[in-house]
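We did not get these values from a lab; they are worked out from the coordinates using the rules stated. Note that the structure is a prediction, hence the values are computed from the model and not measured. Here the Cβ positions follow ideal geometry from the backbone for every residue, glycine too, while neighbour counts run over all protein chains shown.
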Amino acid sequence: MTIEIEVQYAVDAEGLPAPADFRRWAAAALGDRAAAELAVRVVGRAESRRLNATYRGKDAATNVLSFSADLPPGVDLPLLGDIVICAPLVAEEAISQHKALTDHWAHLTVHGVLHLLGHDHHDDAEAAEMEALETRILTGLGLADPWRA
């Protein structure tokens, strides 16, 4: 599998995953795809809030955003899009949800990649399917089930 992942750090914080971590988690979410290109951008609250307001109409920071590539018809590239993850929210959620920080980073990365692949959670059936897939991917990596209380 040829996976090209650009990792951008727009914020400096404790406990940020290394680019190799993002690549491993994304590769697990991509499954048996022959090729894929995507970017992961780690941001602070202000950038997350600005992007969330601009593209989703929600004036608040959010943990992860996914922006699928919108390629013109006839262009056959493995470009999937971009994932934006808000570092301060990841750290806060890991604490409040009693999760290991690394496990939460992995979960949000996998979640974002699954969105780029077309998965969603607009209704209960889609949410259950996506959660089961996330659980299978993360436990396959030896990480905790993100949905277990």
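The figures follow:
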quantity: Total charge dipole magnitude, region 2-140, about the Cα centre, Cβ charges on Lys, Arg, Asp, Glu only, Debye to nearest 20; calculated: 300
quantity: Among THR62, ALA87, LEU138 - extreme Cα towards positive end, dipole of the chain, charges at beta-carbon; calculated: ALA87
quantity: Among (1) 1, 6, 4, 5, 5, 5, 5, 5, 6, 6, 6, 7, 10, 9, 9, 7, 3, 1, 0; (2) 2, 10, 19, 22, 23, 16, 7, 2, 0, 0; (3) 2, 8, 15, 18, 16, 13, 9, 6, 4, 3, 3, 2, 1, 0, 0, the entry derived from the coordinates for P(r) over Cα pairs in 5 Å bins from 0, in percent; calculated: (2)
